[in-house]
Amino acid sequence: MTMRIIIWTAAALTLAGCSTGEEGLEPPRAPGDVIRFTAGPCFGACPSYTVQVSPDGSGLLEPQRYTSVPGTTRFTLSRAQYRTLVATLAPHRPATGTTQRIAHGENCERFATDMPGYVVEWTRPQQATTRLEFQSGCMDPRYGKLRVAIASVPRIIGMERMLNPKAVTP
């Protein structure tokens, strides 16, 4: 009877270890920021997801809606892709440890409704998180380059096919 309890306990602990661990990227082995990019839902069929990339080339996509992957998907990106992403987002990055919000009624006058919101977070050990929140319906001309940068993220890191539901072949 004692052996049966030990076996069941070991099995339960093993399964619990598999299911309760929080999915995420391993701490990066290369210096730099882990960049977390979240595309929120829109009123329509916009892909909604969170993607994290690490300076060592690790990537993690967590889909929510309208993507071609059914669940959390790990991928790799090259150093060149990571550097391009950093360079593309750099002009729009707030001061380290701060949050900048670009939203209707705050610092945006021309606004289209029903567009997705985006959040970009830069994290590094022993530093406060830097965060940019952008409601993409903001059509003020001064945010045009930011809109282009946000739209280019999936292409830069090579995950366009993971976001396009039509890319899945039966």
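Each reported figure results from applying straightforward, stated rules to the coordinates on display, with no laboratory input. All figures in this text were calculated on a predicted structure; none of them were measured in a lab. Neighbour counts are summed over all protein chains in view; Cβ atoms, including those assigned to glycine, are modelled from backbone coordinates with ideal geometry.
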Inset, instruction - Using a 10 Å cut-off on Cβ atoms, rank the peptides 86-97, 149-160 from the highest mean neighbour count down. - result: 149-160, 86-97
Legend entry - Cα gyration tensor, segment 47-170 - rounded (a/c under 1.5), prolate or oblate: oblate
Legend entry - From phi via Karplus (6.51, -1.76, 1.60), per-residue ³J(HN,Hα) for segment 87-99 in Hz, x at Gly/Pro: 5, 5, 8, 3, x, 10, 6, x, 4, 3, x, 10, 10
Legend entry - From phi via Karplus (6.51, -1.76, 1.60), per-residue ³J(HN,Hα) for segment 129-137 in Hz, x at Gly/Pro: 5, 9, 9, 10, 10, 9, 7, 5, x
Inset, instruction - Step through the residues of segment 50-57 one at a time and calculate ³J(HN,Hα) from phi using the Karplus curve (6.51 cos²θ - 1.76 cosθ + 1.60, θ = phi - 60°), rounding each to whole Hz and writing x for Gly and Pro. - result: 10, 10, 10, 10, 10, x, 8, x
Inset, instruction - Enumerate the amide H contacts of residue 139 below 5 Å, restricted to partners 5 or more residues apart or on another chain; note that Pro and chain-start residues carry no placed amide H. - result: 110, 111, 112
